[in-house]
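Contents: one structure, followed by commentary.
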Amino acid sequence: MMPRLNLLLCASILHGVLGAQTMTFSGGDMQIQFMTTVTLNGELVWQIAPGATVANDGLVELGTSATLVEPVNGPIIGTGVETAVHVAGVNLNDTEPGGLGLLFFTSTPTAGAFTLTRGHLPQSDGGSAFSVARWYSIGDPAQVPFPVEFSFGYDDTELNGLVESELILHSGTSRSGPWLPLSSAVDAGLNIVLADATEQANYITAFQGEALGAPAFPPSAGLRVWPTITVDQLFVQGASIGPNAPFDVVDATGRIALSGTLRGDASTVLNLSTSALAPGQYLLRIKGEQAVRFVRE
């Protein structure tokens, strides 16, 4: 069971009156560790002040009424997620559940109950492209009255090296894709991408241009590597590996974080452990030539 932490009890780090609606984390660093849940109960506003840092590697539950306010250039970061619950029967039009940065616009405002989840790791298109460092999932998209126009908010610190003016919102049935582009328009001044979704969308993020989902290796190489978003292992298969194929894993700074030798044949599915890697983006190189990007969560 995940440990639970109630923010109402954190008077030492949250300044304000416990009975007030707004609580401000005014400075310093807060880390919500893996397997820890932070729950905000009731109609509370949790405001993170400029200069304060919150790294969420666990779960923040905003429930049906709590709201998050983040500063410019200082959104929550980390490998964890935040969730907010939309209540059945409540008007969904022009609504931003939990203040998480995703607004819904719909001509059929009455919706069922669903949970909106926000994460902070870039998503892969299944090839060499990665999204901005923000994604959303709609827990039960059947409860949302599509078609819907989304307003996808982002911070400049989450652009992940992408060209802001070329962002296109994408929807997918899973975080591993396939990702389908939506008709989009960027407002760089407001840091939003507006997009129309005519069909149900489980997951939403933004890529630069259309996510092509190109194969990680040329088809002639006869090599497969999956999944491209992983926690503890990659699977590798292909005739081009040969009996002894050297590999290395390079992090975002160009440092070799892992190396070794793959041994197998065309029919062997090899297991490559990634559990020793810190969360982030990596490049797997085999024989110093073929390469595939992946994300270790």
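Observations on the structure shown:
- Residue in segment 119-127 that is closer than 17 Å to G63 by Cα and acidic (D, E) present: no
- Verdict on G42 being modelled with pLDDT of 90 or more and within 27 Å of the chain's Cα centre (by Cα): no
- When S273 is tested against (1) modelled with pLDDT of 80 or more; (2) polar (S, T, N, Q); (3) surrounded by 14 or more Cβ atoms within 10 Å (Cβ to Cβ), just one condition goes unmet, and that condition is (3).
- Candidate set from segment 103-124 (those that are in contact with a Gly (Cβ under 7 Å, 6 or more places away or on another chain) and over 15 Å from I76 (Cα atoms)); member that is surrounded by the fewest Cβ atoms within 10 Å (Cβ to Cβ): T110
- Selection status of E149, of a type in the set (D, E) and in contact with a strand residue (DSSP E or B) (Cβ under 7 Å, 6 or more places away or on another chain): yes
- Figure legend. Inter-residue proximity from segment 226-242: first residues assigned by TED's automatic domain parsing to the domain that holds A291 and of a type in the set (D, E, K, R), second residues modelled with pLDDT of 70 or more and surrounded by 16 or more Cβ atoms within 10 Å (Cβ to Cβ), beta-carbon distance below 9 Å, spacing 6+ or different chains. Indicated pairs: D232/T274; D232/R296.
- Residue tally, condition outside any loop (DSSP other than H, G, I, E, B) and either touching a residue at least 24 places away in the same chain (Cβ under 8 Å) or hydrophobic (A, V, I, L, M, F, W, C) (or both), over segment 163-203: 20
- Checking each residue in segment 112-152 for being farther than 21 Å from T198 by Cβ, in contact (Cβ under 8 Å) with a residue 60 or more places away in the chain and assigned to a strand (DSSP E or B) picks out S124, F130.
- Beta carbons closer than 7 Å, at least 6 apart along the sequence or on distinct chains, pair a first residue in segment 204-218 that is modelled with pLDDT under 85 with a second that is surrounded by 15 or more Cβ atoms within 10 Å (Cβ to Cβ) and charged (D, E, K, R) for A211/D125; L212/D125; G213/D125.
- Hits in segment 48-81 (condition: part of a strand (DSSP E or B), closer than 18 Å to T22 by Cα and not β-branched (V, I, T)): E61, L68
- When each of T83, T53, T108 is tested for being among the hydroxyl-bearing types (S, T, Y) and out of contact with any Asp or Glu (no Cβ under 6 Å at 6 or more places or on another chain), the lone residue that passes is T108.
- Flag if L62 is surrounded by 15 or more Cβ atoms within 10 Å (Cβ to Cβ), modelled with pLDDT of 90 or more, in contact with a Ser or Thr (Cβ under 9 Å, 6 or more places away or on another chain) and not charged (D, E, K, R): yes
- Taken together, the criteria exclude L190 from residues that are on the phi < 0 side of the Ramachandran plot and either touching a helix residue (DSSP H, G or I) at 6+ places or on another chain (Cβ under 7 Å) or surrounded by 12 or more Cβ atoms within 10 Å (Cβ to Cβ) (or both).
- V72 surrounded by fewer than 16 Cβ atoms within 10 Å (Cβ to Cβ), in contact (Cβ under 8 Å) with a residue 60 or more places away in the chain and in the same structural domain as D187 (by TED's automatic domain parsing): yes
- With respect to the conditions (1) at pLDDT below 80; (2) over 14 Å from R293 (Cβ atoms); (3) part of a strand (DSSP E or B), V225 lacks only one, and its number is (2).
- Number of residues in segment 24-47 that are of a type outside the set (V, I, T) and not in a strand (DSSP E or B) equals 11.
The values are calculated or read from the model by the stated rules, or taken from the named source; none is laboratory data. Being a predicted model, the structure only gives us computed values, none of them experimental. Every residue, glycine as well, gets a Cβ built from its backbone with ideal geometry; the counts of neighbours run over all protein chains shown.
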